[in-house]
Amino acid sequence: MKISLVEYDAGNLPSVERALARQGVETERAATPDSIAAARALILPGVGHFGQLMRTLGSRGLFGPIRQAIGGGVPLLGICLGLQALFASSAEAPEDRGLGVLPGAVSALPVTAKLPHMGWNQLRQVRPSVLLEGIPTNAYFYFAHSYAARDAGASAIALCEHGVPFVAALEHQNLFAVQFHPEKSGDAGARVLANFVARAGADNRV
Amino acid sequence: MTLARRIIPCLDTDGERVVKGVQFFNLRDAGDPAALAARYNREGADELVVLDIAASRDHRPTFLETIRRVAAELAIPLTAGGGVGDVDEGRAILRSGADKLTVNTAALRRPELITDLAGEFGSQAVVLAIDAKRVGERCEAYVRGGRESSGRDAVDWAIEGTQRGAGEILLTSMDRDGTRSGFDLCLTATIAGRVTVPLIASGGADGPSDFLEVFEKGHADAALAASIFHDSVQGLRELKCFLHSQGVAVRLSG
């Protein structure tokens with residue numbers, strides 16, 4: 001099954017493609033409303049600014065189709081800014097609306113810690129999950145961000161901490177998201193991507 | 001849960017091949033960048049830096065191809081730079097597969113460049129590289145691959161650069177570079193204590209105890225070295241096991 005990567009000039013899209021190609025997973029880029037509507041599994045990569053991302057999705061007509069895909073049960077994995085975009089809003093760009101498929105707002109990490117939160121950190125898994133299945137509890141993942149979701153309710157599957165605890169990974173039905181970069185997180189990251197692909201494949205067989 | 005201290009091998013290239021000098025000069029060939037990148041990725045490097053130290057405009061396409069070849073080998077972050085003078089050149093580097101870019105000379109000449117790059121790509125993608133050399137009582141930031149002083153105090157420049165949006169500092173001690181006499185702990189600690197972004201210390205690494213010291217006494221978030229890794233004088237795994245045994249948080253598994 002092909003995984004569609006939402007294309008909107010995200011810097012990490014080629015890295016995600018390479019990481020999936022290494023596992024023999026076929027990908028295609030989805031840059032139009034039609035290609036998103038036709039996708040059977042989506043990855044929303046993300047690096048950069050929340051406002052810029054939301055405005056780009058809006059101007060290219062992708063905002064609605066992504067929401068509809070999620071609503072229609074298409075498995076979606078948000079990465080980094082792609083996780084933040086799922087929320088209603090972000091302190092990084094209060095005037096811009098997020099996809100809003102998860103309630104609440106993304107907030108700034110506290111300035112008491114060195115920012116950006118950049119480097120390899122560990123997770124605290126809070127419940128069994130699809131994404132983190134088979135991941136050792138002491139595994140490290142690569143983070144590079146200054147904003148984070150502090151709360152995702154029952155959707156949170158793992159927390160991390162940098163000054164304050166924040167949501168490192170979440171899943172809710174067909175919605176999956178990680179604040180770290182699995183495509184840059186060595187073997188542990190590769191396993192997270194593989195877990196998503198396996199689940200997306202299973203969903204599409206039913 | 002602690003942010004791990006990072007160990008970062010650095011590939012200084014002439015655009016195409018890895019080269020190594022002492023205190024920035026007397027360059028010799030040290031191998032193929034993609035082959036070294038694959039090895040470091042496998043051996044547990046936390047990140048990789050690839051620099052074009054010649055940074056001549058003529059062979060920029062060659063360097064971009066080198067970035068592509070290196071990025072293809074990595075499942076870890078890649079930082080690339082050397083001669084980045086404007087936003088378009090920065091974009092070319094990121095599009096070639098780097099996650100972050102370094103700026104140095106052009107930013108000292110036109111500090112707004114940092115603001116422009118951070119605005120376009122985000123602070124997390126902009127690393128301010130500072131080549132510092134002792135001049136009397138202070139350290140000055142050097143430009144053009146260590147050929148001339150900018151006249152700027154390195155500590156002041158680090159502070160200004162981060163205020164302008166750099167998300168990380170790559171601090172190289174020119175006095176220590178290639179000498180294997182240990183990191184400049186004093187300079188590293190001074191800058192680490194004055195900026196609010198992560199700091200990568202570079203220049204002078206010889207053995208495991210140097211890395212331990214630069215983390216404990218220099219308060220560096222990451223440490224970078226080149227020749228000791230290229231020449232297999234120091235194994236990455238052995239280094240990280242040593243740091244772990246000394247109580248430093250490091251990423252041990254792949």
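State whether the residues of the range B:106-119 include one that is at pLDDT below 95 and assigned to a helix (DSSP H, G or I). Walk me through it before giving the result.
Within the range B:106-119, the subset at pLDDT below 95 is B:118-119.
In the following step, the residues that additionally are assigned to a helix (DSSP H, G or I) were identified as B:118-119.
Looking for residues that are at pLDDT below 95 and assigned to a helix (DSSP H, G or I), one finds at least one in the range B:106-119, hence yes.
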query: B:R180: assigned to a helix (DSSP H, G or I) and among the basic types (K, R), yes or no?
result: no
task: Count, please, the residues in the range A:181-206 that happen to be within 22 Å of B:A72 (Cα to Cα) and among the small types (G, A, S).
output: 6
message: Going residue by residue through the range B:126-143, is there one that turns out to be of a type outside the set (S, T, N, Q), in contact with a strand residue (DSSP E or B) (Cβ under 9 Å, 6 or more places away or on another chain) and assigned to a helix (DSSP H, G or I)?
response: no
message: Any residue that is within 14 Å of chain A (Cβ to nearest Cβ), among the acidic types (D, E) and crowded, with 17+ Cβ neighbours inside 10 Å - is there at least one of those in the range B:99-112?
response: yes
Tally of residues being at pLDDT 95 or above and not charged (D, E, K, R) across the range B:4-24: 6
message: If the requirement is being in contact (Cβ under 8 Å) with a residue 24 or more places away in the chain and touching a Phe, Trp or Tyr at 6+ places or on another chain (Cβ under 7 Å), which of these qualifies: B:A141, B:A92?
response: B:A141
query: Does the range B:227-254 hold any residues that are without any contact (Cβ under 8 Å) to a residue 12 or more places away in the chain and in contact with a Leu (Cβ under 8 Å, 6 or more places away or on another chain), and which are they?
result: B:C241, B:H244
query: Filter the range B:178-194 for residues that are at pLDDT 95 or above and of a type in the set (V, I, T); which is surrounded by the fewest Cβ atoms within 10 Å (Cβ to Cβ)?
result: B:T190
query: Quick one: what pairs do we get from the range B:119-130, first residue more than 8 Å from chain A (Cβ to nearest Cβ) and surrounded by fewer than 24 Cβ atoms within 10 Å (Cβ to Cβ), second in a helix (DSSP H, G or I) and among the hydrophobic types (A, V, I, L, M, F, W, C), C-beta under 6 Å, 6+ apart or different chains?
result: B:E120/B:V87
message: Going by what's in this entry, would A:V130 be described as surrounded by 15 or more Cβ atoms within 10 Å (Cβ to Cβ), within 23 Å of A:S4 (Cβ to Cβ), away from chain B (no Cβ under 14 Å) and touching a residue at least 60 places away in the same chain (Cβ under 8 Å)?
response: yes
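The values are calculated or read from the model by the stated rules, or taken from the named source; none is laboratory data. Computed from a predicted structure; not experimentally measured. Using ideal geometry, Cβ is built from the backbone for each residue, glycine included, and neighbour counts are taken over all protein chains shown.
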